[in-house]
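For reference, the structure discussed in these notes is given below.
The values are calculated or read from the model by the stated rules, or taken from the named source; none is laboratory data. Source: prediction; values computed, not measured. Using ideal geometry, Cβ is built from the backbone for each residue, glycine included, and neighbour counts are taken over all protein chains shown.
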Amino acid sequence: MRSLFKKIINHYRVPDDAYETFRHDFKYGISKGLVLAGSAGVAGVILKKSFSASDFQVALLYSATNLGLLFSIFTAVHAERANKMNYAYVPDAIARTLFILTAVATALIPNAWLFTAILCAAYAFNSLNTPVLTSIYRSNYPDHSRGKVMGIVRTVFNIAFVVASYVFGLMLDLDGHNYVYVYPIIGLVGLWGGWQLRKINIIPTVHTTSPMHPIRSALTILREDKPFAHFMGYWAIFGFAMLMIDPVKTIYVTDPAYGINATYEEAVLAVTVIPQAVMLLTFAFWGRQIDKYGVIKIRFLLNILPTINVILFYFATDLRLIYFASFLQGISMSGAQLSWQLCVMEFAPRQQVGLYMGIHTMLTGLRGIVAPFIGAWLIGTSGMGNTFLFAAGLMVISTVMMIRFSANHIRRDIEVPLPIAAERGD
């Protein structure tokens, strides 16, 4: 493993001051890839194919991740403290343990609601530490190469995800109840990865605590930092459409009522493996663009292919066009993931990164809890095709707003060296 690190570092020139964090984050990324392989996309397929579950239960799984994001504002207030690692590690460990419990409990009592309930809790805990992780990356990775280094980790993350997802899909095609073996594997590897995360030595920053309640602090920032509030609003429109349409895609490719009725392997390929595999080819590219231009200047570009993806789903009548749509989406997904993780750094003062990220994740969670159910509701009231068109319309509106916003945006995350006199305090 150590020789692999050296080859990667030499090839991508990971800065020396990022090496120790990168070494542990690399292993953590591998474990998170396997955890993602048990995400709502795969679990939704299991629900539809193994349990013949309702659309509501699939939507519930997709909303659960966002429940953790909604409440992550309460971990965000600890993101600049010396013991911040506890708030990153503990939610991870709980989530991984719940993955194992999912298999044990449903092996004894095979029930769709039991499967859904335990996994919902696991997904919620899994996303609870997002603001703290962002703060760690801000303090431990240098500004000039953060996007590139995180892009390397995300590439490894997605390699692990693609391989694991495909293997799990094959296992489920052999027997739909093989999920009782899938989730213990995910949980155990996830616990190992969490321990690697815990080994990261946090670089000290100015520790701040807000005297106000987290929600009041968030509202104060949104009221006083107008550019940040506006961008969060524009992002929310696009994010709502994406979160609404994700479970709709799973329902479309797996439910026999819509004619495709994909197998486990085909469904997992369509909704997760293909876009994630294509992402591997573009992480380095988008990481360099983010380091050079910033998230805000290129975010609208990352909206275009997902919009085309949704339009192609509208026209799709077989898996060939769906596979092509997923391929197109994968080209921009790497940049979308990096930009989601890094965007607040272009607005937040260094000592408030965790709180700003907490606002971002809270707003993501708020729309993410509602959006999947709106998608399921629209299928029943307006039809599958109109649901895809509605989502595409929201994406276009958001993209136009982001183009206008980016024209005048000034980054706050680039540290400008002080004059010598200023460094001396003159």
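See the values below:
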{"item": "Filter pass, Arg320 being of a type in the set (D, E, K, R) and touching a helix residue (DSSP H, G or I) at 6+ places or on another chain (Cβ under 9 Å)", "result": "no"}
{"item": "Segment 322-339, residues that are crowded, with 24+ Cβ neighbours inside 10 Å and β-branched (Val, Ile, Thr)", "result": "Ile322"}
{"item": "Trp340 being among the aromatic types (Phe, Trp, Tyr) and under 17 Å from the mean Cα position of the chain (by Cα)", "result": "yes"}
{"item": "Any helices (runs of 4 or more DSSP H) falling wholly within segment 70-175 and containing at least 3 residues that are within 18 Å of the chain's Cα centre (by Cα) and among the hydroxyl-bearing types (Ser, Thr, Tyr)", "result": "130-140"}
{"item": "Count of residues meeting criterion [over 15 Å from Phe388 (Cβ atoms) and outside any helix (DSSP H, G or I)] in segment 311-331", "result": "1"}
{"item": "Failed item, numbered, when Gly169 is tested on (1) farther than 29 Å from Met85 by Cβ; (2) surrounded by 16 or more Cβ atoms within 10 Å (Cβ to Cβ); (3) at pLDDT 90 or above", "result": "(3)"}
{"item": "Close pairs (6 angstrom Cβ cut-off, 6 or more residues apart or separate chains): under 30 Å from His144 (Cα atoms) in segment 294-322, charged (D, E, K, R) and surrounded by fewer than 18 Cβ atoms within 10 Å (Cβ to Cβ) anywhere", "result": "Gly294/Arg411"}
{"item": "Residue check, Pro214 surrounded by 19 or more Cβ atoms within 10 Å (Cβ to Cβ) and either at pLDDT below 85 or small (Gly, Ala, Ser) (or both)", "result": "yes"}
{"item": "Test: residue in segment 186-201 that is crowded, with 20+ Cβ neighbours inside 10 Å, over 23 Å from Leu338 (Cβ atoms) and touching a Gly at 6+ places or on another chain (Cβ under 6 Å)", "result": "yes"}
{"item": "Subset tally (residues that are of a type outside the set (Gly, Ala, Ser) and surrounded by fewer than 22 Cβ atoms within 10 Å (Cβ to Cβ)) for segment 138-147", "result": "4"}
{"item": "When residues of segment 52-82 are limited to those that are surrounded by fewer than 21 Cβ atoms within 10 Å (Cβ to Cβ) and of a type in the set (Phe, Trp, Tyr), the one farthest from Ile245 (Cα to Cα)", "result": "Phe74"}
{"item": "Test for Pro256: is it within 21 Å of Ile369 (Cβ to Cβ) and either in contact with an Asp or Glu (Cβ under 7 Å, 6 or more places away or on another chain) or of a type outside the set (A, V, I, L, M, F, W, C) (or both)", "result": "no"}
{"item": "Breaking point among (1) assigned to a helix (DSSP H, G or I); (2) touching a Gly at 6+ places or on another chain (Cβ under 8 Å), for Ile215", "result": "(2)"}
{"item": "Residues satisfying the stated conditions in segment 77-92, i.e. of a type in the set (Gly, Ala, Ser) and touching a His at 6+ places or on another chain (Cβ under 9 Å)", "result": "Ala82"}
{"item": "Count of segment 244-265 residues which are farther than 17 Å from Thr387 by Cα and among the aromatic types (Phe, Trp, Tyr)", "result": "1"}
{"item": "Segment 260-300 - residue that is modelled with pLDDT under 85 and acidic (Asp, Glu) and, of those, farthest from the chain's Cα centre (by Cα)", "result": "Glu265"}
